[in-house]
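The values are calculated or read from the model by the stated rules, or taken from the named source; none is laboratory data. All of these numbers come straight from a predicted model, not from anything done at the bench. Cβ sites come from the backbone with ideal geometry, for glycine too, and all protein chains shown count toward neighbours.
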Amino acid sequence: MDSEKPPILMTSSRPYLIRAIYDWIVDNSFTPYLLVNAENDNAIIPREYVEDGKIVLNINPTAISNLQLGNDYIMFNARFSGKAMEVSIPVIAVLAIYAQENGQGMMFDENNNNLPPTSPEDTPPPEKSKKPQLKVVK
């Protein structure tokens, strides 16, 4: 009987961690903030609030609407200085998610996006495993 081998590579854990930390912060009645790399070309954000190439966004359910924490993008509607805006942030541009009140949360490495290699040559060959051997002990 042939068993199917699990894939060597996995998708990025970042969107899953963002969702988990978001839920944890909201469940504890704190305010979730995102620190975003505003230099990401695919980020649709209010550029007038960018400082040093980064922006902090309040994603508390009372501050925004239609929040979607997807695997590739985080999207929501918000108002900035009274002006409605649809915000769209690539997950790889998220540098941190944390509670505004106490700073607890998670930071992400700017350079590590957990992306799979671009070609099979970049993937090291799997190690050959030895089959386990059982011995009967009397």
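For segment 2-25: of the residues being surrounded by 13 or more Cβ atoms within 10 Å (Cβ to Cβ) and among the basic types (Lys, Arg), which is farthest from the chain's Cα centre (by Cα)?
Filtering segment 2-25 for residues that are surrounded by 13 or more Cβ atoms within 10 Å (Cβ to Cβ) and among the basic types (Lys, Arg), the one farthest from the chain's Cα centre (by Cα) comes out as 19.
Looking at (1) out of contact with any strand residue (DSSP E or B) (no Cβ under 6 Å at 6 or more places or on another chain); (2) under 18 Å from residue 13 (Cβ atoms), which is the only condition residue 96 fails?
(1)
In segment 11-61, how many are in contact (Cβ under 8 Å) with a residue 24 or more places away in the chain, more than 13 Å from residue 89 (Cα to Cα) and assigned to a loop (DSSP other than H, G, I, E, B)?
Matching residues across segment 11-61 total 8.
Over 16 Å from the mean Cα position of the chain (by Cα) and either modelled with pLDDT of 95 or more or on the phi > 0 side of the Ramachandran plot (or both): which single residue out of 28, 37 fits that description?
28
Could you please let me know if residue 19 is out of contact with any strand residue (DSSP E or B) (no Cβ under 6 Å at 6 or more places or on another chain) and basic (Lys, Arg)?
In short, no.
Of the residues 42, 77, 58, only one is loosely packed, with under 13 Cβ neighbours inside 10 Å, within 22 Å of residue 110 (Cβ to Cβ) and touching a Ser or Thr at 6+ places or on another chain (Cβ under 8 Å); which?
That would be 42, the only listed residue that is loosely packed, with under 13 Cβ neighbours inside 10 Å, within 22 Å of residue 110 (Cβ to Cβ) and touching a Ser or Thr at 6+ places or on another chain (Cβ under 8 Å).
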